[in-house]
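Presented below is the structure to which this report refers.
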């Protein structure tokens with residue numbers, strides 16, 4: 001049997017990934033299939049996943065359940081990490097890539113490949129992902145568990 005909370009969470013993640021691809025097509029006028037699997041960008045699929053998990057868990061188990069408390073805490077940790085820690089990693093990658101591109105003859109072999117710069121999210125990307133996750137969690141939760 002399929003776990004509805006898991007299905008709803010994965011659905012929110014998938015919707016966010018497809019939206020990244022569509023936004024990339026609309027904004028950059030290029031079709032880049034890697035947006036279906038990449039981290040970073042608009043909207044945050046991490047935020048969508050954990051918010052859908054928390055909301056559908058609340059609908060399934062109740063706001064006063066320990067399971068919802070764990071899901072909510074996890075959601076806050078993941079969103080904080082996406083907007084702060086992972087975003088800083090991307091900013092540092094930009095600086096390191098710039099240094100390596102301008103390092104002329106002394107470039108070490110270890111840095112032949114550029115570091116991934118699109119790692120984290122802006123607060124807006126996290127917020128949009130969170131809203132997407134809440135909406136998918138509500139709709140999916142009500143469809144799966146009724147009310």
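The values are calculated or read from the model by the stated rules, or taken from the named source; none is laboratory data. In this text, all values refer to a predicted model and were calculated from it rather than measured experimentally. Don't worry about glycine lacking a Cβ; one is built from the backbone with ideal geometry, like all the others, and counts go over all protein chains shown.
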Residue match in segment 76-83 (condition: exposed (fewer than 13 other Cβ atoms within 10 Å of the Cβ), modelled with pLDDT under 85 and part of a helix (DSSP H, G or I)): no
Note on segment 59-68: residues assigned to a helix (DSSP H, G or I) and either surrounded by fewer than 17 Cβ atoms within 10 Å (Cβ to Cβ) or within 8 Å of the chain's Cα centre (by Cα) (or both) are 61, 66, 67
Every residue in segment 95-117 that is surrounded by 14 or more Cβ atoms within 10 Å (Cβ to Cβ), touching a helix residue (DSSP H, G or I) at 6+ places or on another chain (Cβ under 6 Å) and either at pLDDT 80 or above or under 18 Å from residue 40 (Cβ atoms) (or both), please. 115, 117
Looking at this structure, is residue 35 more than 14 Å from residue 130 (Cα to Cα), modelled with pLDDT under 90 and in contact with a helix residue (DSSP H, G or I) (Cβ under 7 Å, 6 or more places away or on another chain)? yes
Name the residues in segment 37-58 that are surrounded by fewer than 22 Cβ atoms within 10 Å (Cβ to Cβ) and within 19 Å of residue 3 (Cα to Cα), would you? 58
